[in-house]
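Right, one structure below, let's go through it.
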Amino acid sequence: MVATVHRIHQNRDEGLSGNVKELKLADIRGEILSHITGVSGEVVRKKAHDLGQSLIPTMAASTIIKFATGQTPTPSTWTIRKMVEVAGQEIWILPKGAKVPPGAIKLE
């Protein structure tokens, strides 16, 4: 079964809104999408399932597909954390009130 790809919001995900968090999420979405697409660019549910089963705790294939294709406009912090790991990025936990380093985004 092949999932229908939802076009990601151009103004938000290409940084036209000026929202740094949304632009960073777009980069993560793109990286995850590259993990779950086939040779002709279609989303492969089996790849998403295998990716989800490799995580601890596991994640549903549909969650991964919806995140990667932009169907989930405001993903949960837990989903973002797991997808950031898969994309080879890091999340830093800072003390409350600490200054956020340049280039970092705040998750709420």
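The values are calculated or read from the model by the stated rules, or taken from the named source; none is laboratory data. Fair warning: this is a prediction, and the values are worked out from it, not measured in the lab. Here the Cβ is made from the backbone with ideal geometry for all residues, glycine too, and neighbour counts use every protein chain on show.
In region 50-61, the qualifying residues are those that are in contact (Cβ under 8 Å) with a residue 12 or more places away in the chain and either polar (S, T, N, Q) or in contact with a His (Cβ under 9 Å, 6 or more places away or on another chain) (or both), and the one that is nearest to S34 (Cα to Cα) is L51.
Against the condition of a type outside the set (S, T, Y) and modelled with pLDDT of 90 or more, how does D50 come out, does it pass? Here the answer is yes, as D50 does meet what is asked. Just so you know, in region 18-30 the residues that are of a type outside the set (A, V, I, L, M, F, W, C) and buried (at least 16 other Cβ atoms within 10 Å of the Cβ) include one that is farthest from E90 (Cα to Cα), and it is E22. Taken as a whole, the structure leaves I91 outside the set of residues that are exposed (fewer than 12 other Cβ atoms within 10 Å of the Cβ) and either at pLDDT below 90 or on the phi > 0 side of the Ramachandran plot (or both). Considering P73, P102, the condition of being touching a residue at least 60 places away in the same chain (Cβ under 8 Å) and either exposed (fewer than 11 other Cβ atoms within 10 Å of the Cβ) or part of a loop (DSSP other than H, G, I, E, B) (or both) is satisfied by P73 alone. Taking (1) within 11 Å of the chain's Cα centre (by Cα); (2) closer than 18 Å to E90 by Cα; (3) surrounded by fewer than 20 Cβ atoms within 10 Å (Cβ to Cβ) in turn, I56 satisfies each apart from (1). Being within 14 Å of A87 (Cβ to Cβ), out of contact with any Cys (no Cβ under 7 Å at 6 or more places or on another chain) and assigned to a helix (DSSP H, G or I), is that true of even one residue in region 46-58? Checked region 46-58: at least one residue is within 14 Å of A87 (Cβ to Cβ), out of contact with any Cys (no Cβ under 7 Å at 6 or more places or on another chain) and assigned to a helix (DSSP H, G or I). Sub-7 Å Cβ pairs linking a first residue in region 22-40 that is assigned to a loop (DSSP other than H, G, I, E, B) to a second residue that is among the β-branched types (V, I, T), at least 6 apart or interchain, are G38/V44, ordered by first then second residue.
Among the residues of region 76-99, what is the count of those that are of a type in the set (A, V, I, L, M), within 18 Å of S34 (Cβ to Cβ) and assigned to a loop (DSSP other than H, G, I, E, B)? Total meeting the criteria: 1.
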